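Data block below; observations after.
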There are 2 protein chains.
Amino acid sequence: MAENPVRFGIIGCAEIARKVARAIDLAPNSILYAIASRSIEKAKNFAATNGLPENVKIYGSYDQVLDDPCVDAVYMPLPTSLHVHWAVLAARKKKHLLLEKPTAIDVAELDQILEACESNGVQFMGGSMWLHHPRTAKMKDLLSNYFGQLNFIHSQSTMPATPEFLESNIRVKPDLDALGALGDLAWYCIEAILWAKDYQLPTTVTALPDVTRNLAGVIFSCTASLHWDQPDTTVATIHCSFLSHWSMDMAICASKGSLHVKDFIIPNQEHFASFDFTLGSKFLDLHIGWSVKPEEVCVTSQLPQEALMVQELARLVEGIRKSKFRPDSKWPGISRKTQLVMDAVKKSIDLGCKPVNL
Amino acid sequence: MAENPVRFGIIGCAEIARKVARAIDLAPNSILYAIASRSIEKAKNFAATNGLPENVKIYGSYDQVLDDPCVDAVYMPLPTSLHVHWAVLAARKKKHLLLEKPTAIDVAELDQILEACESNGVQFMGGSMWLHHPRTAKMKDLLSNYFGQLNFIHSQSTMPATPEFLESNIRVKPDLDALGALGDLAWYCIEAILWAKDYQLPTTVTALPDVTRNLAGVIFSCTASLHWDQPDTTVATIHCSFLSHWSMDMAICASKGSLHVKDFIIPNQEHFASFDFTLGSKFLDLHIGWSVKPEEVCVTSQLPQEALMVQELARLVEGIRKSKFRPDSKWPGISRKTQLVMDAVKKSIDLGCKPVNL
């Protein structure tokens, strides 16, 4: 444990908060200091159910966390429509911010959040855990050094929502998570594609005419294509759905290599993740088989990816606190570009699948 | 070896003919009886290079094979633009027909071929080997019985063509294989998607605006989406390219399962092929990992898929010859639907990526 660990407060006792509470405990440079729900009973119940230490403060309102001077950073797994209010407030109270995805309803709201973080000198980070897994760095190394020109990327994220979820979960409520599967699942696909493209924004985004919505207009499933004209031509497709079984795919075709990963968002196993690729594969005589089999790369991780995420945020917070560093611009930049592309997909859907230029 | 094996003639000594010559030898109910090239020297050279038995007849013109009354069936790996002429002629000469893909430049030409086969009572089969692999049947069994509604399918086929290929191979010549990568590679993707959808034609086909062509207009790479409105909504994406490294992917998302196969066109190994799927997978507590890991299914095959293809055609030919069966309509039907969808992709590209209804 670090000498002065970064003290986290959690605002909102969503299911995902259980995972991040554990991650804050696992990360060597952070501790869970406080949790809050809108009711003290719910917060107490969360603490008891998850076996939180007795010294974790339990609050019955979000404001109490933000007003507690001992809280350094806030993890915020609130419904998306509440992000702008509470994230801006947290920044003004000088709390560093770990914000669940989708980071905002649209880039205008995200910009309010980022501006508040910037002007208050606090670190912003979106809650995408997979970006912190060492597998992700290993794949990037291969892509950058061996794959040549990226020509095609496909990414999909699907989850089999129950009828109850589709009826009443906050992620299908227009006043809470109006983006539905686009925000909850396609966020990762967009982020993965931007990650593969070194965060170069696409030229054009076009939704495909297969959008499924509920009666309130919340997206249950959709597909879209992303195009890059300059400097290199790349096309990417994304698909998200609450109506299909689990999938979390990324497939990359480049001039010199192919890569596949089937659990990029949440690895099958916590301490071990793999992907496979081919480079320089040719066919044997008579096309009987491949001369090089796809190579599987296994990457171990001492800490789960969510703890690595917390550790990275805490590291940046320590730098700001001890060394007076400026907040790092990398993480807000990734979230903002992801949000921009997600907005473009949404706009294309709303325009009846017309192409939207970025 | 069967008592009266079906005697094959091969018209055209393309590279792929080497593989099918071997397959005809391996299949227990067929023999290679004759080969022909446009020059006797080329045909002799093909026979010598591939160690064909001395009793295989070697002809210096295609007509000689068609006029040889001992030839029962013809395998035709000619450039696509020559298919309609030689396939119709073969049918008129009462030769059963194994025709390389793409089966024709468009469905109008394919219909001439199919009509000639029909009216002459000969069996037609397209040259798609993967449909005959036992892995394909195993995957179909899972899809039909356990996967529920198919929501999304992605298939891609890419090959890293050399500069010489892109300059001078017949598959990039507008007068020989005008369809380029669409015919050579996307044919399989379209077929795979139709296969998954039990050969139900899509409602709409739309090309995406990332088409790459050579100066003569031949397609080097393209992407398209296929939509089904009725009775079930499905969306599929295909991508083909001569400009990327090898890939042969099919990924299927259904309401109750996900399936991935990464070498569906040509298995990595000749006698062994695999795919993986998940069914009923849930996440462990705290979303720490998947409760069910993707299951890998391994399927062995005594004969390579191309020999199984030849065996199936020979079996049908035997049925016609011995039992006076009518030619089977399944294989012409598969080729025709694949051709129809390929035509629609081509038309959408030609229309500047407008949707094309089928």
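The values are calculated or read from the model by the stated rules, or taken from the named source; none is laboratory data. Keep in mind that this is a model prediction, so the values were computed, not measured. All Cβ positions, even for glycine, are placed from backbone atoms using ideal geometry, and neighbour counts span all protein chains on display.
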Evaluation of residue B:272 against (1) loosely packed, with under 15 Cβ neighbours inside 10 Å; (2) under 17 Å from the mean Cα position of the chain (by Cα); (3) among the aromatic types (Phe, Trp, Tyr) (one fails), failing number: (2)
Counted residues, the range B:194-222 - those being within 25 Å of residue B:245 (Cα to Cα) and within 13 Å of chain A (Cβ to nearest Cβ): 11
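Is it true that some residue in the range A:80-95 is in contact (Cβ under 8 Å) with a residue 40 or more places away in the chain, in the same structural domain as residue A:111 (by TED's automatic domain parsing) and basic (Lys, Arg)? It would help to see each step written out before you state the result.
Within the range A:80-95, the subset in contact (Cβ under 8 Å) with a residue 40 or more places away in the chain is A:80-82, A:86, A:90, A:95.
Right, trim to in the same structural domain as residue A:111 (by TED's automatic domain parsing) and you get A:80-82, A:86, A:90, A:95.
The next check asks that each one be basic (Lys, Arg); those that pass are A:95.
Yes, the conditions are met somewhere in the range A:80-95.
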Residue count, the range A:172-188 (criterion: under 17 Å from the mean Cα position of the chain (by Cα), in contact (Cβ under 8 Å) with a residue 60 or more places away in the chain and not in a loop (DSSP other than H, G, I, E, B)): 8
Tabulated pairs, the range B:340-355, first within 16 Å of residue B:186 (Cα to Cα), second part of a helix (DSSP H, G or I), C-beta under 6 angstrom, 6+ apart or interchain: B:340/B:107; B:341/B:190; B:342/B:190; B:343/B:107
Qualifying residue in the range B:334-356 (condition: touching a Ser or Thr at 6+ places or on another chain (Cβ under 6 Å), over 20 Å from residue B:118 (Cβ atoms) and aliphatic (A, V, I, L, M)): yes
Test: residue A:144 is at pLDDT 95 or above, crowded, with 24+ Cβ neighbours inside 10 Å and either out of contact with any His (no Cβ under 9 Å at 6 or more places or on another chain) or closer than 23 Å to residue B:260 by Cα (or both): no
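Go through the range A:189-209 and give me each residue that's part of a helix (DSSP H, G or I) and more than 23 Å from residue A:354 (Cβ to Cβ). It would help to see each step written out before you state the result.
The initial filter retains those residues of the range A:189-209 that are part of a helix (DSSP H, G or I), namely A:189-196.
Hits for the range A:189-209 are A:191, A:192, A:195, A:196.
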Cβ-Cβ under 6 Å pairs, at least 6 apart or on other chains, the range A:48-77 side more than 21 Å from residue A:5 (Cα to Cα), far side assigned to a loop (DSSP other than H, G, I, E, B): A:60/A:39; A:77/A:12; A:77/A:14; A:77/A:100
Search result, residues across the range B:230-282 that are more than 7 Å from every other protein chain (Cβ to nearest Cβ) and either without any contact (Cβ under 8 Å) to a residue 12 or more places away in the chain or aliphatic (A, V, I, L, M) (or both): B:231, B:236, B:238, B:248, B:250, B:252, B:259, B:261, B:265, B:273, B:279, B:282
Any chance residue B:246 is in the same structural domain as residue B:184 (by TED's automatic domain parsing), surrounded by fewer than 21 Cβ atoms within 10 Å (Cβ to Cβ) and not charged (D, E, K, R): no
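Conditions (1) under 22 Å from residue A:128 (Cα atoms); (2) within 14 Å of chain B (Cβ to nearest Cβ), marked per residue:
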site: A:151; (1), (2): no, yes
site: A:157; (1), (2): yes, yes
site: A:163; (1), (2): no, yes
site: A:182; (1), (2): yes, no
Which numbered condition residue B:94 fails, given (1) outside any helix (DSSP H, G or I); (2) on the phi < 0 side of the Ramachandran plot; (3) more than 14 Å from chain A (Cβ to nearest Cβ): (2)
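Condition check ((1) more than 21 Å from the chain's Cα centre (by Cα); (2) acidic (Asp, Glu); (3) under 17 Å from residue B:79 (Cβ atoms)) across all residues:
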| residue | (1), (2), (3) |
| --- | --- |
| B:107 | no, no, no |
| B:129 | no, no, no |
| B:168 | yes, no, yes |
| B:206 | yes, no, no |
Of residues in the range A:313-354 being surrounded by fewer than 17 Cβ atoms within 10 Å (Cβ to Cβ) and modelled with pLDDT under 95, the one farthest from the other protein chains (Cβ to nearest Cβ): A:324
Among the candidates A:172, A:205, residue that is surrounded by fewer than 24 Cβ atoms within 10 Å (Cβ to Cβ), among the β-branched types (Val, Ile, Thr) and either in contact with a helix residue (DSSP H, G or I) (Cβ under 7 Å, 6 or more places away or on another chain) or farther than 14 Å from residue A:349 by Cα (or both): A:172
Members of the range B:40-62 that are modelled with pLDDT under 95 and among the hydroxyl-bearing types (Ser, Thr, Tyr): B:49
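Is at least one residue of the range A:97-108 assigned by TED's automatic domain parsing to the domain that holds residue A:260, in contact with a Pro (Cβ under 6 Å, 6 or more places away or on another chain), surrounded by 18 or more Cβ atoms within 10 Å (Cβ to Cβ) and closer than 22 Å to residue A:23 by Cβ? Even if it seems obvious, please write down each step before you answer.
As a first pass, look at the range A:97-108 and keep what is assigned by TED's automatic domain parsing to the domain that holds residue A:260: none.
No, there is no match, as no residue in the range A:97-108 is assigned by TED's automatic domain parsing to the domain that holds residue A:260, in contact with a Pro (Cβ under 6 Å, 6 or more places away or on another chain), surrounded by 18 or more Cβ atoms within 10 Å (Cβ to Cβ) and closer than 22 Å to residue A:23 by Cβ.
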